[in-house]
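> First, the structure itself, so that you have it in front of you.
Taken together, the values in this text are just the output of simple stated rules run on the coordinates, not laboratory data. Please read all numbers here as calculations on a predicted model, not as lab measurements. Positions of Cβ are generated from backbone atoms using ideal geometry, with glycine treated the same way; all protein chains shown enter the neighbour counts.
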Ligand SMILES: [Zn+2]
Ligand SMILES: [Zn+2]
């Protein structure tokens with residue numbers, strides 16, 4: 001979504017309402033964000049003030065099953081002559097993306113106690129158990145064995 005700031009560029013105190021949807025995709029993540037706010041010419045500087053509500057669709061960091069999460073945040077950004085501005089067109093997508101990544105958790109889990117996938121056979125340990133000899137307990141035993149071997 002691009003918003004032409006030309007009408008408020010030289011008009012201190014004026015503003016433009018901004019409302020629309022921004023969709024971003026990155027690897028396993030898709031975010032549909034509703035952006036609602038305004039661009040304001042405040043003392044000769046253009047500022048973007050907007051409320052954003054995003055629906056994130058991604059996968060669990062442990063077991064890779066689908067995860068959907070809602071995220072809301074506020075954008076308060078002074079618009080400069082950088083990637084966000086092309087001539088007088090404000091690139092709302094890039095500002096939204098920047099704030100989205102700032103507010104997003106680094107990892108997503110389908111549930112707090114997700115057991116993840118077996119590193120050996122790939123079984124989803126939330127739904128099934130497997131007979132592979134891997135995991136935390138095994139590592140502890142290996143450490144113990146190392147001690148005993150000394
Ligand atoms: Zn999971
Ligand atoms: Zn397994």
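> Using only the Cα atoms, what convex hull volume per residue in Å³ does segment 2-114 have?
About 90 Å³ per residue, rounded to a whole number.
> A further question on this structure: With just the Cα atoms defining each centre, how far is segment 1-16 from segment 38-103? Give it in Å.
Between the Cα centres of segment 1-16 and segment 38-103 lies a distance of 18 Å.
> Still on this structure, I have one more. Pairing the Cα long axis of helix 136-149 with the longest principal axis of the chain, what angle in degrees results, from 0 to 90 and rounded to the nearest 10?
Tilt relative to the chain: about 50 degrees.
> Would you calculate, for the chain, the mean residue ellipticity at 222 nm contributed by helices, counting each DSSP H stretch of 4 or more residues as -39,500 (n - 2.57) and dividing by all residues, to the nearest 500?
When only DSSP H runs of four or more count, the value is -6000 deg cm²/dmol.
> For helix 92-103, report the angle its Cα long axis makes with the longest principal axis of the Cα atoms of the chain; keep it between 0 and 90° and round to the nearest 10°.
Rounded to the nearest ten degrees, it is 40.
> Moving on to the next point. In which sequence would 40, 106, 75 go, from the one with the fewest C-beta neighbours within 10 Å to the one with the most?
Lowest to highest Cβ neighbour count: 106, 40, 75.
> Provide the gained length on full extension for the span residue 17 to residue 132, in nm with one decimal, where the gain is 0.36 nm per separating residue minus the Cα-Cα distance.
Stretched fully, the residue 17-residue 132 segment lengthens by 35.6 nm.
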